[in-house]
Every structure is written in structure tokens, then in C-alpha cells.
Amino acid sequence: MKRRLALPLLVLACAAGVSACNPVLRSHGYRYALQEEPNITPAEDTQDTVLARLGNPSTRGTFEQDTWYYISSTRESLAYLRPVTRDRRIIAVSFDDAGVVSAVNEYSLEDGRVVAYAGRETPTRGRELTFLEQVLGNVGRLPSEQFGGEQNLPGGAGGPRRNE
């Protein structure tokens, strides 16, 4: 009886372990059918026709507001590992001053570049204070004449004194 129960439990445990390793694919951004080319013709299409065909862009150019980007990507997650981008497609549509398409460029994952961030920190003058030094640092440093009868400071702060 134990043997008959052990085999199905072993198969069930193996199936659960294998199914936990299945990758999860997530699609982000503008989606269209695979191998579908957006039919945008330079010098013929306008901003209105591009909006009608592709909808709102994913983003617009930071420095060139007349460039629209339609971005789509597919990311794969596997268990606890960092997600990996498997596919990326960017369609850049540039417009002239009249709102007519001047250029259409397409970029893929191979066109991307890895940006190396500098992990350095800019040094500051002075030294770092501990928590207690920050809390107790000004105890005993305030001038006592500010707490006496001479309260003619505007706003009670250290501004210029008025002679009344």
C-alpha cells in the first residue's frame, strides 16, 4: 500500500518542481502582430494618420518633441532570477514643422547599448556627523541675548535689527 501511494506522490512532487521553473513572459508597450510592419509613409502621412493607425506614442523625444516613439518589449522571468529582455522593437516616427512624417526608423534589441553608470560619490566638505552629534550639536551655542527682553528681530529670526 505504501508503494502505491509513494509513486503518485513522487510524480506529483516532480511535476510541481518542474512547473515552478517555467518562465513567465510579459509584454510591455505598443503591441502589434509579429512581423507586421506599420504602414507609415514619409511625406504622405501626418500626425493625425499616425495617431489613427498606431494610437498614442509610448513617449516623445526629450529634445525633439516632433519625434514619437512606439516601444514594445518582451521580458522573461524565471523563478527568482532577474528578468531578461528577450525582444524589443522601437519605431521612431519623426515629423517636420508642418506635422508631416519626415522619417520612420526601426530599432531592435541589437541596436541598444549598455550604459555604464559611474558608482562614485562626490565628496563633501567637512566630516560626517553621528546621530548624537547632529542632535546635540547646537546645545549651548545660541547667544543668550536673543532670549532676553530685546526681541525686536523681524520674525524672531537673525535678520537685521530695527531701532524703534
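Label separation (Leu129 vs Glu44): 7.0 nm, computed from points 7 Å beyond Cα along the C-beta direction.
The string of couplings for region 67-78 from the Karplus curve (6.51, -1.76, 1.60, θ = phi - 60°) is 10, 10, 10, 10, 10, 9, 8, 10, 10, 10, 10, 10 Hz, one whole number per residue in order, with x for Gly and Pro. Less than 5 angstrom separates the built amide H of Asp87 from those of Thr74, all sequence-distant by 5 or more or on a different chain. For region 39-139, run through the chymotrypsin sites (Phe, Trp or Tyr not before Pro) and keep only the ones in DSSP coil with at most 13 other Cβ atoms within 10 Å of their Cβ. The qualifying sites are Phe63, Tyr80, Tyr117. Neighbour counts of other Cβ atoms within 10 Å put Ile90, Ile71 in the fewest-to-most order Ile71, Ile90.
Going from the residue with the fewest nearby Cβ atoms within 10 Å to the one with the most, Val114, Val104 rank Val114, Val104.
The GluC sites (Glu not before Pro) of region 49-134 that DSSP puts in a loop, and whose beta carbon has at most 15 other beta carbons within 10 Å, are Glu64, Glu121, Glu128.
Values in this text are rule-based calculations from the coordinates and carry no lab data. Quick caveat, the model's predicted, so the values are computed rather than measured. Quick reminder, even Gly has a Cβ in these numbers, built from the backbone with ideal geometry, and neighbours come from all protein chains shown.
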